[in-house]
Amino acid sequence: GQNIDQPTEMTATEGAIVQINCTYQTSGFNGLFWYQQHAGEAPTFLSYNVLDGLEEKGRFSSFLSRSKGYSYLLLKELQMKDSASYLCARADFNKFYFGSGTKLNVKP
Amino acid sequence: KAGVTQTPRYLIKTRGQQVTLSCSPISGHRSVSWYQQTPGQGLQFLFEYFSETQRNKGNFPGRFSGRQFSNSRSEMNVSTLELGDSALYLCASSEGQGQWETQYFGPGTRLLVL
């Protein structure tokens, strides 16, 4: 594999904020992507980072530190529909390496 | 634009058989990538095709092969099926012009090998 690590499962409360971390091997890195996958469905694109820093898209933000091989996805104002798996993917030119995904359970 | 489509959506095969899966990318997209998703291994990259040529390849045995046609549609073939090949096979398309681009996934083909 490509040593992409993310927590297996997390639980958070509706309305709260949750941060999902991802660490990856830094060699050959081009970009870091986040996808959301609901059970039984295909992954859908959320965000990507190429440069260090924070990218904000509404309730979702993604952060990248290339020197540390570290990224996180921040979800604010959690809603029940955010219950899904969140996949971190490292892009090495046109090859994507996915982490195993973090299953997020949002509780009322 | 229509999204990525995959056929068939579900498939049951027995060990030793071969299977062909099809993927039609988003109109205008020239890159098609294939992935295998299993509960234990997650999403694993199989290969990527661009302009009818395999541009990238993951670490899967030679039983897994693919091709791309001039209209960018792609097929994936698995020969001599094994029980462990049971998985969700996803294809994703992108424009293919840059070094990395957002990939858009199809609904997948769920393969069960008995």
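The values are calculated or read from the model by the stated rules, or taken from the named source; none is laboratory data. Only a predicted model underlies this, so the values are computations on that prediction, with no experimental measurement involved. Neighbour counts run over all protein chains shown; Cβ positions are idealised from the backbone, glycine included.
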Which of (1) within 20 Å of A:Pro43 (Cα to Cα); (2) more than 11 Å from the chain's Cα centre (by Cα); (3) modelled with pLDDT under 95 does B:Ser86 not meet, given it meets every other one?
(3)
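Please list, ordered by residue number, the strands (runs of 3 or more DSSP E) wholly in segment A:40-108 having 3 or more residues that are touching a residue at least 60 places away in the same chain (Cβ under 8 Å).
Details: elements: A:44-49, A:53-57, A:60-65, A:70-75, A:84-92, A:95-98, A:102-107.
Result: A:84-92, A:95-98, A:102-107.
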In the list A:Gln25, A:Gln79, which residue meets the criterion of being at pLDDT 95 or above and more than 13 Å from every other protein chain (Cβ to nearest Cβ)?
A:Gln79
Leading residue by the ranking (farthest from the other protein chains (Cβ to nearest Cβ)) among those in segment B:12-37 that are over 15 Å from B:Gln103 (Cβ atoms) and more than 14 Å from the chain's Cα centre (by Cα)
B:Gly16
Selected residue [away from chain A (no Cβ under 14 Å), more than 10 Å from the chain's Cα centre (by Cα) and surrounded by fewer than 17 Cβ atoms within 10 Å (Cβ to Cβ)] from B:Glu52, B:Glu95
B:Glu52
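Within segment B:60-83, how many residues are surrounded by fewer than 19 Cβ atoms within 10 Å (Cβ to Cβ) and either free of Cβ contacts under 8 Å to residues at least 40 places away in the same chain or within 9 Å of chain A (Cβ to nearest Cβ) (or both)?
Let us first name the residues in segment B:60-83 that are surrounded by fewer than 19 Cβ atoms within 10 Å (Cβ to Cβ), namely B:60-65, B:67, B:69-71, B:73, B:75, B:77, B:79-80, B:82-83.
From what's left, either free of Cβ contacts under 8 Å to residues at least 40 places away in the same chain or within 9 Å of chain A (Cβ to nearest Cβ) (or both): B:60-65, B:67, B:69-71.
Count: 10.
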